[in-house]
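The values are calculated or read from the model by the stated rules, or taken from the named source; none is laboratory data. Keep in mind the model is a prediction, meaning the values are calculated, not measured. Note: ideal-geometry Cβ built from the backbone for every residue, glycine included; neighbour counts use all protein chains shown. Surface accessibility is based on the protein's heavy atoms, side chains included, excluding ligands, DNA and RNA. Shrake-Rupley method; radii C 1.70, N 1.55, O 1.52, S 1.80 Å.
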Protein chains: 2
Amino acid sequence: MGLAEGFDAWLITVGNEILIGKTVNSNFAWLGRKLTLLGYRVKGGIIVPDILEDISWAFKTALARGARVIISTGGLGPTFDDKTVEGLALALNVELQINERALKMVEEKYSKRGLPLTEARIKMAKLPKGATPLPNPIGTAPGVHIVIMGCDIFLLPGVPREMEAIFEAYVEPILREKGPKVYFAEARVKSYGVPESEIAPLIWKAMKDTGNVYIKSHPQGAELGVPILEFHITASSRSPEEAIKSVEKAREKLIEYLKTKGARIEE
Amino acid sequence: MGLAEGFDAWLITVGNEILIGKTVNSNFAWLGRKLTLLGYRVKGGIIVPDILEDISWAFKTALARGARVIISTGGLGPTFDDKTVEGLALALNVELQINERALKMVEEKYSKRGLPLTEARIKMAKLPKGATPLPNPIGTAPGVHIVIMGCDIFLLPGVPREMEAIFEAYVEPILREKGPKVYFAEARVKSYGVPESEIAPLIWKAMKDTGNVYIKSHPQGAELGVPILEFHITASSRSPEEAIKSVEKAREKLIEYLKTKGARIEE
């Protein structure tokens with residue numbers, strides 16, 4: 001409903017720091033937005049610790065739930081607790097082996113600084129058989145891309161600027177090419193003076209009136225003080241014009257209904 | 001390893017806004033930190049859209065993975081897409097029914113403002129059979145607590161200040177009472193000038209030297225420019241003194257090893 005059907009994406013976050021609340025999962029939001037704008041439907045997310053079995057379980061679960069795209073962040077570095085590649089290999093029951101292209105990428109990064117290849121550094125070049133390394137323009141650990149059972153799996157680093165750089169340079173073009181050719185449009189409406197529970201049945205009605213659109217209400221003020229509601233209207237369609245038209249129609253309907261309840265509208 | 005064993009907690013986030021990247025999941029980090037400090041081990045997180053079957057699947061999955069505590073955020077309000085309570089009832093195969101205490105909570109909130117009970121408002125008082133409503137000091141939708149198969153399940157609203165208020169007033173005391181009586185200690189070390197791949201084997205050694213401690217490295221600078229590493233050292237123990245001692249010992253070992261590599265330390 002409103003989000004692109006048929007091209008389900010799953011996000012996997014690997015890292016204790018997310019689970020213990022040391023780090024807020026901003027990568028998840030960044031990727032969720034990117035995938036949505038590319039017309040994919042982000043259907044689920046799984047956060048797991050730096051434990052091999054848990055990482056493997058996360059990939060198997062996303063595959064079993066029908067993911068067409070899986071993107072993981074975290075766990076690609078040189079330390080003992082960077083286990084995402086090994087976890088994926090375990091999930092897919094494929095061998096880990098030194099990938100010559102990946103080894104070259106890692107080697108070049110270090111040799112420029114006069115640093116030798118050590119076991120910890122070579123580790124970053126061990127990929128599941130059949131995988132392609134994605135150059136890391138900022139850090140040292142390459143990203144990983146592998147296609148299994150029609151699902152594109154991408155492993156990206158946890159450091160946001162490395163993750164974003166690899167995504168934009170290598171992942172986004174692939175997803176755009178393979179994507180659903182669905183366009184996404186959105187609009188926002190803010191209303192004052194009507195509690196969410198008052199407008200609830202009319203949100204549903206505005207959605208049914210329009211079709212192919214999704215309206216979500218986010219209460220921001222006190223429901224019983226001066227109720228402030230922010231509405232996020234989204235639509236997806238095979239044509240960009242259609243998506244924009246749906247959002248516009250839903251926005252007008254919603255504003256119309258809000259006004260019947262005496263709301264003040266901020267557009 | 002370092003995190004409390006045996007008392008696994010799972011976090012479930014319900015809401016399209018998280019999946020499409022409109023909202024960063026700050027609730028997840030807040031709860032992860034709280035649970036960790038209470039001695040629980042946050043073992044996994046699942047993010048699902050506002051779809052009944054997905055919500056139900058998330059609860060069943062966390063239960064099947066051995067959760068002793070499950071906390072969900074989001075999907076408790078009056079609108080059509082607030083489906084967390086229904087999703088939990090579906091997962092547990094228990095009936096939804098109007099809870100008299102919850103109805104009283106909801107009714108009181110609205111009657112103070114001279115507002116009647118409508119279907120959308122009564123919806124917030126429908127709980128799974130056997131559940132207890134948790135008063136919401138800020139908003140209108142009560143939280144929900146139910147114990148199933150030895151697992152404490154809490155449903156909290158998605159609005160952060162409502163979620164935090166219910167957690168601190170009602171959830172935290174229950175978790176403290178039932179908790180593992182494990183204490184958690186932490187320390188941070190920052191180093192300059194040594195790349196992560198150089199120190200990787202020594203991090204592992206510092207952990208093995210100390211026992212019951214976990215060291216995670218977070219690269220912050222450029223691995224090949226001026227490498228900056230932040231280390232987060234955590235330990236848990238049955239006694240607070242023991243936890244602090246373990247962290248201190250690991251910190252000293254780590255600094256010792258970093259210095260052998262020529263690192264500059266910021267403590």
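Total residues in the range B:181-200 satisfying the condition of being small (Gly, Ala, Ser) and within 11 Å of another protein chain (Cβ to nearest Cβ): the figure is 2. Does residue B:157 satisfy the condition of being within 24 Å of the chain's Cα centre (by Cα), within 11 Å of another protein chain (Cβ to nearest Cβ), in contact (Cβ under 8 Å) with a residue 40 or more places away in the chain and more than 30 Å from residue A:124 (Cα to Cα)? Spelling it out, residue B:157 is indeed within 24 Å of the chain's Cα centre (by Cα), within 11 Å of another protein chain (Cβ to nearest Cβ), in contact (Cβ under 8 Å) with a residue 40 or more places away in the chain and more than 30 Å from residue A:124 (Cα to Cα).
Got a number for residues in the range B:160-180 being more than 14 Å from chain A (Cβ to nearest Cβ) and either closer than 19 Å to residue B:86 by Cα or open to solvent by less than 20 Å² (accessible area, probe 1.4 Å) (or both)? Step through it out loud before you land on a result.
So the first thing to find is which residues in the range B:160-180 are more than 14 Å from chain A (Cβ to nearest Cβ), and the list is B:166, B:168-180.
Pick out the ones that are also either closer than 19 Å to residue B:86 by Cα or open to solvent by less than 20 Å² (accessible area, probe 1.4 Å) (or both) and you get B:166, B:171, B:175, B:179-180.
Residues meeting the conditions: 5.
For the range B:247-260, filtering for residues that are open to solvent by less than 10 Å² (accessible area, probe 1.4 Å), within 23 Å of residue B:182 (Cβ to Cβ) and either in contact with a helix residue (DSSP H, G or I) (Cβ under 7 Å, 6 or more places away or on another chain) or basic (Lys, Arg) (or both) leaves 2.
For the range B:214-257, what are the residues that are of a type in the set (S, T, N, Q) and over 24 Å from residue A:49 (Cα atoms)? Result: B:239, single match. In the range A:20-38, the residue that is most open to solvent (accessible area, probe 1.4 Å) out of those that are out of contact with any helix residue (DSSP H, G or I) (no Cβ under 7 Å at 6 or more places or on another chain) and free of Cβ contacts under 8 Å to residues at least 40 places away in the same chain is A:33. Is it the case that the range A:1-15 has a residue that's within 8 Å of chain B (Cβ to nearest Cβ), open to solvent by less than 10 Å² (accessible area, probe 1.4 Å), in contact with a strand residue (DSSP E or B) (Cβ under 8 Å, 6 or more places away or on another chain) and assigned to a helix (DSSP H, G or I)? No: the range A:1-15 contains no residue that is within 8 Å of chain B (Cβ to nearest Cβ), open to solvent by less than 10 Å² (accessible area, probe 1.4 Å), in contact with a strand residue (DSSP E or B) (Cβ under 8 Å, 6 or more places away or on another chain) and assigned to a helix (DSSP H, G or I). Residue A:217 meets all of the listed conditions (1) at the interface with chain B (Cβ under 9 Å from one of its Cβ atoms); (2) assigned to a helix (DSSP H, G or I); (3) in contact with a Gly (Cβ under 9 Å, 6 or more places away or on another chain) but one, namely (2).
Scanning the range B:39-61 for residues being within 12 Å of the chain's Cα centre (by Cα), more than 8 Å from chain A (Cβ to nearest Cβ) and open to solvent by less than 20 Å² (accessible area, probe 1.4 Å) gives a total of 2.
When residues of the range B:62-100 are filtered for being assigned to a helix (DSSP H, G or I) and either away from every other protein chain (no Cβ under 14 Å) or surrounded by fewer than 22 Cβ atoms within 10 Å (Cβ to Cβ) (or both), how many remain?
So the first thing to find is which residues in the range B:62-100 are assigned to a helix (DSSP H, G or I), and the list is B:62-64, B:84-92, B:100.
Okay, now just the ones that are also either away from every other protein chain (no Cβ under 14 Å) or surrounded by fewer than 22 Cβ atoms within 10 Å (Cβ to Cβ) (or both), so B:63-64, B:84-86, B:88-92, B:100.
Matching residues across the range B:62-100 total 11.
Residues in the range A:187-214 that are open to solvent by 20 Å² or more (accessible area, probe 1.4 Å) and either among the hydrophobic types (A, V, I, L, M, F, W, C) or not assigned by TED's automatic domain parsing to the domain that holds residue A:258 (or both): A:202, A:204.
The one condition from (1) at pLDDT below 95; (2) within 7 Å of another protein chain (Cβ to nearest Cβ); (3) in a loop (DSSP other than H, G, I, E, B) that residue B:24 does not meet is (1). Tallying residues that are open to solvent by 50 Å² or more (accessible area, probe 1.4 Å), within 20 Å of residue B:86 (Cα to Cα) and more than 10 Å from every other protein chain (Cβ to nearest Cβ) within the range B:107-131 yields 3.
Looking at the structure I just gave you, is residue A:228 within 21 Å of residue B:163 (Cα to Cα) and open to solvent by 20 Å² or more (accessible area, probe 1.4 Å)? The answer is yes for residue A:228.
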